[in-house]
Amino acid sequence: MVIACDELEGTLHQVNTESSMDKPAGRSSSGGWKSARLIIGVEMAEQFAFCGISSNLITYLTGPLGESTAAAAANVNAWTGTVSFLPLLWGFIADSFLGRFRTIVISSSLYILGLGLLSFSAMTTSDTKDSNQFRVILFFCSLYLIAIGQGGYKPCIKVFGADQLNGNDLKEAKAKSSYFNWLMFGSCVSILSTRLVSSYIQEYLNWFLGFGIPSVFMLISLLLFLIGTKSYRYSTARVGKKNPFARIIHVFIEALKNRGQQNLDLYNPNEALLLLADQSSKQFRFLDKAAISCSLAEIEEAKAVLKLVPIWMTCLVYAIICAQSHTFFTKQGATMNRSILPGLLVPAATLQCFISLTMVIFIPLYDRLLVPVARSFTQNPSGITMLQRIGTGIFLSILAIVVAALVETQRLQTARDDVTILMSVWWLVPQYVIFGVADVFTMVGLQEFFYDQVPCELRSVGMALNLSIYGVGNFLSSFMISIIDKVTSQSGQTSWFDNDLNQAHLDYFYWLLACLSSTGLASYLWFAKSYVYNRPNTSKNII
């Protein structure tokens, strides 16, 4: 079956332009860097709120709630996984029904409610068994209400900000890659601030106040977002247009129904060369069998989504390592000498600020120095490709976990030689710094990759796929911890995650992660080498 070139071009043009109409990128009255900067400010306020809760959560669970180290780490990972996994559901709702703006407003309201209830749960007393049970139930209900709210807020706000920069305008198109760098920069400034402030308030003053301040910042985030309502560019779906999910699912169903048919010649070079300047359409040729009842544009959409799956899967090991930075890294620090002045101890969770501080320093260097230098060699506007950036970060994360294993081995040896001598907490700084540099490469790279490589109408889902990497990674980390804890504690043996970390073996766990991550990196490189980037869109679907 051969489809005429004019028909193909018309179909592709229709898909690219039907979903919305463009406000010209040059108009100062809407969108552009003015609106994008406001979104970055909104994201900064939200990040202060979220990290004010998440960065020290394991301390609250093992302290006021009295959970074991293994149980607390598993609960933190399960909650963090839920936070990162729920965006898939919200992304579907946003792209199919509500739109990003409404989704942000609704999810932010739920977010604020959850934070308020969490603060109230920290204020309640636990003098009796019943009151303590009520406190625990209220705490976890509040925590998962926050997860629901954050799950809708996170993918939509990032995409909504990127949508303010129109790829049809050369200046704004160049700024779009920088947007993700500066979005991460702003987030890191907030994360650094909250880890310095909130962690100290929570551990040394009051948990109610420590949870209450993030609630106020989330309220500020919503108010800032609403201030820019009249100046934003919005993506709006055309009434009667077929749901993008329905189109993609229809392609897979039709390809399955027609699996017995011969491969269809959709890509006759004499007729479709203009539309198929790249070679991506030659991948997943089994979907071409859907062409009997599906358009080429719909088939290309399905292929674009399908070829993201190997990249998504091979990045999971990076997310598993990410999960350790706010759990076991913090517990490591709690067992070390944290004194900086007589009578003044550094809260263990504050050490996470070195990740943010490293990113705050390195992101401007990357955007203003490394990218132009790399661009002069590669002629790539972003300096290096998105997949090269992601792979570099995965390699650095492996280096960070190796350093963590070596430090933990030395800490254990020091504790066993003389339990009264504590190793300085500053030995943990290198693993945090290396991990911060890794995040600049991989975390920002993944955001841009999953925004850029999905169909325009599915960008909320694309960002949700990016976030779900960390969700699944946290679930896998939680599962691994539970299994290893059970296996290593049998027959009276000491668990790798024993409450007394001087008797535990976090170093063994770190080495295991290093081995798994090395395997994951090798798989990632294999898939990345054969990946073909989607052709840049000719329309950005922004109005």
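Tabulated data
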read-out: Qualifying residue in segment 149-170 (condition: open to solvent by 70 Å² or more (accessible area, probe 1.4 Å), at pLDDT 75 or above and either assigned to a loop (DSSP other than H, G, I, E, B) or within 23 Å of Y470 (Cβ to Cβ) (or both)); value: no
read-out: Flag if I93 is part of a helix (DSSP H, G or I), at pLDDT 80 or above and touching a helix residue (DSSP H, G or I) at 6+ places or on another chain (Cβ under 6 Å); value: no
read-out: Filtered residue count, segment 473-484, keeping only those that are open to solvent by less than 20 Å² (accessible area, probe 1.4 Å) and either hydroxyl-bearing (S, T, Y) or touching a Pro at 6+ places or on another chain (Cβ under 8 Å) (or both); value: 2
read-out: Hits in segment 485-509 (condition: surrounded by 12 or more Cβ atoms within 10 Å (Cβ to Cβ) and among the hydroxyl-bearing types (S, T, Y)); value: T488, S489, T494, S495, Y508
read-out: Q133 being part of a helix (DSSP H, G or I), modelled with pLDDT under 90, polar (S, T, N, Q) and open to solvent by 30 Å² or more (accessible area, probe 1.4 Å); value: yes
read-out: Cβ pairs under 9 Å, 6+ apart, first in segment 471-489 and free of Cβ contacts under 8 Å to residues at least 24 places away in the same chain, second surrounded by fewer than 18 Cβ atoms within 10 Å (Cβ to Cβ) and in a loop (DSSP other than H, G, I, E, B); value: T488/T494
read-out: Every residue from segment 392-431 that is of a type in the set (S, T, Y), over 29 Å from V309 (Cα atoms) and at pLDDT 85 or above; value: T409
read-out: Residue that is surrounded by the fewest Cβ atoms within 10 Å (Cβ to Cβ), among those in segment 407-454 that are aliphatic (A, V, I, L, M) and out of contact with any helix residue (DSSP H, G or I) (no Cβ under 8 Å at 6 or more places or on another chain); value: V419
read-out: Only listed residue being open to solvent by 50 Å² or more (accessible area, probe 1.4 Å) and modelled with pLDDT of 80 or more, chosen from V317, V309, V360, V305; value: V309
read-out: Considering residues of segment 202-235 that are assigned to a loop (DSSP other than H, G, I, E, B) and surrounded by 14 or more Cβ atoms within 10 Å (Cβ to Cβ) only, the residue modelled with the lowest pLDDT; value: S235
read-out: Qualifying positions in segment 329-355 - closer than 17 Å to V407 by Cα, over 20 Å from the mean Cα position of the chain (by Cα), among the hydrophobic types (A, V, I, L, M, F, W, C) and assigned to a helix (DSSP H, G or I); value: A334, A348, L351
read-out: Selection from segment 421-436 of residues that are under 19 Å from C188 (Cβ atoms), of a type outside the set (A, V, I, L, M) and out of contact with any Phe, Trp or Tyr (no Cβ under 6 Å at 6 or more places or on another chain); value: P430, Q431, F435, G436
read-out: Qualifying position, being hydrophobic (A, V, I, L, M, F, W, C), closer than 28 Å to F435 by Cβ and in a helix (DSSP H, G or I), among L525, L501; value: L525
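The values are calculated or read from the model by the stated rules, or taken from the named source; none is laboratory data. What you see is a predicted model; the values in this text were computed from it and never measured. Here Cβ is always computed from backbone atoms with ideal geometry, including for glycine, and neighbour counts include all displayed protein chains. The accessibility values were calculated without ligands, DNA or RNA, using every heavy atom of the protein model including side chains. Shrake-Rupley method; radii C 1.70, N 1.55, O 1.52, S 1.80 Å.
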